[in-house]
Each structure stands twice: as C-alpha cells, then as structure tokens.
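Student: This structure is in structure tokens; I'll ask about it shortly.
The values are calculated or read from the model by the stated rules, or taken from the named source; none is laboratory data. Keep in mind the model is a prediction, meaning the values are calculated, not measured. Methodologically, a virtual Cβ is constructed for each residue, glycine included, from the backbone with ideal geometry; neighbour enumeration extends over all protein chains shown. In case anyone asks, the SASA skips ligands and DNA or RNA and just uses the protein heavy atoms, side chains included. Shrake-Rupley method; radii C 1.70, N 1.55, O 1.52, S 1.80 Å.
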Amino acid sequence: GKVGGVQYESGLIGKVPFSASVLESAMGTLAISAAAAQRSRLTTDERSHSYCAPSLLLAVGNSLIERLEQLRCTDTTVQRSLVAYQEEIDDLTYQLYGFSSIDKADVESSFFPDVRVEGQASNPQEVELGGEQESVIEPYHATFQLLSHLLGCTLGRWDARITLDPTLAPALADIFAPLPVCSPGMLVGPRGVPAQKGGIVSAEWLRARPDSITLPDEKSVHRSTIPDAEYPLEIAWDGILVSDSEHTQDVVDRVREGLALLWGDRADAIEKEACELLRVKSLRDYFGNPRGFFEEHIKRYSKSRRKAPIYWLLQSNKRSYALWLYYYRLDGDSLFKALTNYVDPKIQREEARLADLSAQRAPVGGMGGAARQTERAIERQELLI
C-alpha cells in the first residue's frame, strides 16, 4: 500500500485493537443496515453485482422528468439514512476508544479539513457518501443509463422481461454471501450463466429462483427455457449491431424497439425527451458521434489507465458507417462475420447505387441544374464507398 494518506488494507485494519463483542452489538447492526442501504443504490449501476435495472425504469411517472424527481426524493432519503448510520457508528467508536470531544474534533478535521467550517451545518458524510452514485439522478447520466440498458437488452446482456416486471428479479443474497455469477438483471440460461441462443430461461424459472446466487429446484420448474421467438425482443446473438437505417440490425432501430416495449404509444415522446436530456438532435446523432454514447460508455468502464468497454464502436473515418460489437460475444470469427454479413453487403448495395447514378449522368447531359445535382450525388456516393 501507499505510505501516508488514508489506508484501508485488511492487514492494517486487523492490527487495530477492537472488542469482538461490539460486532454483536448495535454497531454490527448499524453496519449491516448501512451496507444494505448502499447496496440498494447499486441495483441501478450496471457495473455492480447487484444490478437489476436503470434508475429511470424503477421509478414511476409519465415522463422522464417526473421519474427523475421521484428518484431525487428516494435517493435523498437513502443518503440521509446512510449519514445517520455513519454518525451513530462514529459515536459508538469514539465511546469505545474513549475519545474526548477535543480528540473527536481533531479526527474529523484531519479527515474533512474543508468541510467542518464554523457556522456551517454541512456534514462530512454527505460529501463522502454522495460520490458517483449521484449519477443515477443527474438527467444526462440517468438517460445514458437507460439507453445503455436498452442496448444491452437487444444484445442479450440484460433481461428485458425484468424491466417490464421487476418481480421477476431475484432477491439479493445475504450481505456476506458470495457474489453472484450474474447480476440479477442479466439474461441467463438454466445453469445461471449468460444465456445462449435457444437457451433463455422461462418466467417460471425466474420466479422459482430463491435468490441471485441460488438456482431453483429442477423439480419445481416444469418448463425451464422458452423458444427465442417467445422472448419480447429479438436478440442479436452474433453480438453485432450496425449504424445503418436500412439494416434490420440497425442500432438505433433496435434501441427504439426497447423503448416501444416499455412505453408503447408514448415511445416517440420518451425518445424526444431523452434526446433533450442528452442535449442531442436525435438518437442517431448520439450513437453515431463517438463523443456521444461511446465516450460516456468508455468513462463508465475505465479505471485509472485501464479502459474496458463492453460495447466496441468500429467506425469509418467519415462516420458514415459503423459497427457495434458486444465484447462477450467476440470470438475468432467475429470480424469475419462483420465483414461478410454486414460490410460487404453494404458496399455492394452502395456500389449498385453508384452505378445507377452514373447511368443517369449521360441522359441528363449538359451543365444544367439536374446535371449538377447528379454530379454532386455521384461525388457523395463515391465518398461514402
């Protein structure tokens, strides 16, 4: 560990004299309550082992703004509870080690030198506990999380049925239990690992699951899996989506299918509101610009100098064409499939259009307006190819 600064290595913590009986007292209860409250906030963070669904889908409201307001109220309540738990734990600790009021003031000023200012009522734990979790109620980040979830649903990462019916999500295991193989919101197969084509578990299986780390009793489930056709969304099992409005696996159209599944006739209004919160003209702009969705995704899956995106954007220099690859579906044939099933057919279609445009050039003749339009169209098409 580093020398100096605050250190929390287990070896150092283990050297601190501590009464074992305290674990069975109020302090232990408070610590478990605080951990459970914090874990409840992590159910909306897709990087967490506790993830279930994005925050906007766990709130109620006709619009995204209404849901954000509800989330703010709920999160404020949870944060206040966390602050209260921490204050009680701190007070018990001071009592346990016989700290005087002067000692207490010295400790707090060393940990929070810029917070405890005379005449202000700010609480150090409010600064410490806010952190990255505040993103669940910040409009831009909350909307990004919603779209990230929908993208994950169409690629088979998350279970869209749980977003429709949160009761299908398993209960979280005990706070001290092993971490789950898959977070509660993941689309899984009957062995509890990520689902494969033809192996999506049934709603009956989901309801029979005791918790996120325990499989249901096989005898209690009559139908463990369902045909892919019964699942509410088509899944891109090859892990490839394309930025091409003419393709059936167009990334924007597939995300829109998720919006339609969740909001029905109001999907267009929700999409418009989402674009306003993201400060973009359209979803196509947001997914097509590498400084949009992809840049935010990179930020979420980066730590220090390590970048580990789940969705990879492969894009032409002029951004006229792009592929999205799902990391967990990558194999030795992924680039071959991308080339054969997506890129080559696209080039063939565009070359055929160029040939049609070139054939129009001769009959038009001259340098009139129609001829100039045809020439510009040919130049654009050649640039696209």
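Student: Pop out the ³J(HN,Hα) list for segment 312-317 in order, Karplus 6.51 cos²θ - 1.76 cosθ + 1.60 with θ = phi - 60°, rounded to Hz; leave Gly and Pro as x.
Tutor: Residue by residue, segment 312-317 yields 9, 9, 10, 9, 6, 4 Hz.
Student: For a quick check, take a GNM of the chain with Cα springs below 10 Å and name the residue from Phe144, Phe336, Phe294 with the largest mean-square fluctuation.
Tutor: Phe336
Student: Moving on. Order 299-305, 370-376, 257-263, 32-38 from most to least packed using the mean count of other Cβ atoms within 10 Å. Intermediate values should be presented prior to the final figure.
Tutor: On the way: 299-305: 10.9, 370-376: 13.4, 257-263: 18.1, 32-38: 16.0.
Ranked by mean Cβ neighbours within 10 Å, highest first: 257-263, 32-38, 370-376, 299-305.
Student: Whole number please: convex hull volume per residue of the Cα set in the chain, in Å³?
Tutor: On the way: hull volume 82.4 nm³, N = 385.
Output value, Cα hull per residue: 214 Å³.
Student: Helix 26-42 versus the longest principal axis of the chain: what angle, 0 to 90°, nearest 10, using Cα atoms?
Tutor: 10 degrees
Student: Using just the C-alpha positions of segment 274-385 as equal point scatterers, what log10 of I(q)/I(0) does the Debye formula give at each q in 0.10, 0.20, 0.23, 0.24 1/Å?
Tutor: -0.48, -1.10, -1.22, -1.26
Student: Another question, then. Whose amide H sits under 5 Å from the amide H of Val188, counting only residues 5 or more places off or on another chain, with H placed in the peptide plane?
Tutor: Close amide H contacts, sequence-distant or interchain: Ala195, Val201.
Student: Could you please state how large a percent of the accessible area of the chain is carbon and sulfur, counting protein chains only and using a 1.4 Å probe? Please report the intermediate quantities before stating the final value.
Tutor: Values: 11700 of 21580 Å².
Carbon and sulfur atoms account for 54 percent of the accessible area of the chain.
Student: Which whole-number value in Å² is the accessible area per residue of segment 247-385, probe 1.4 Å?
Tutor: On the way: 8480 Å² over 139 residues.
Spelled out: the 1.4 Å probe surface of segment 247-385, per residue, equals 61 Å².
Student: How large is ³J(HN,Hα), in whole Hz, for each residue of segment 321-327 in order, when computed from phi with the Karplus curve 6.51 cos²θ - 1.76 cosθ + 1.60 and θ = phi - 60°, using x for Gly and Pro?
Tutor: Listing the rounded values in order: 8, 8, 10, 10, 10, 8, 3 Hz.
Student: Using each residue's phi in segment 169-175, evaluate 6.51 cos²θ - 1.76 cosθ + 1.60 at θ = phi - 60° and report the 3J(HN,Hα) Karplus result to the nearest Hz, with x for Gly and Pro.
Tutor: For segment 169-175, the Karplus curve yields 6, x, 5, 6, 6, 3, 4 Hz.
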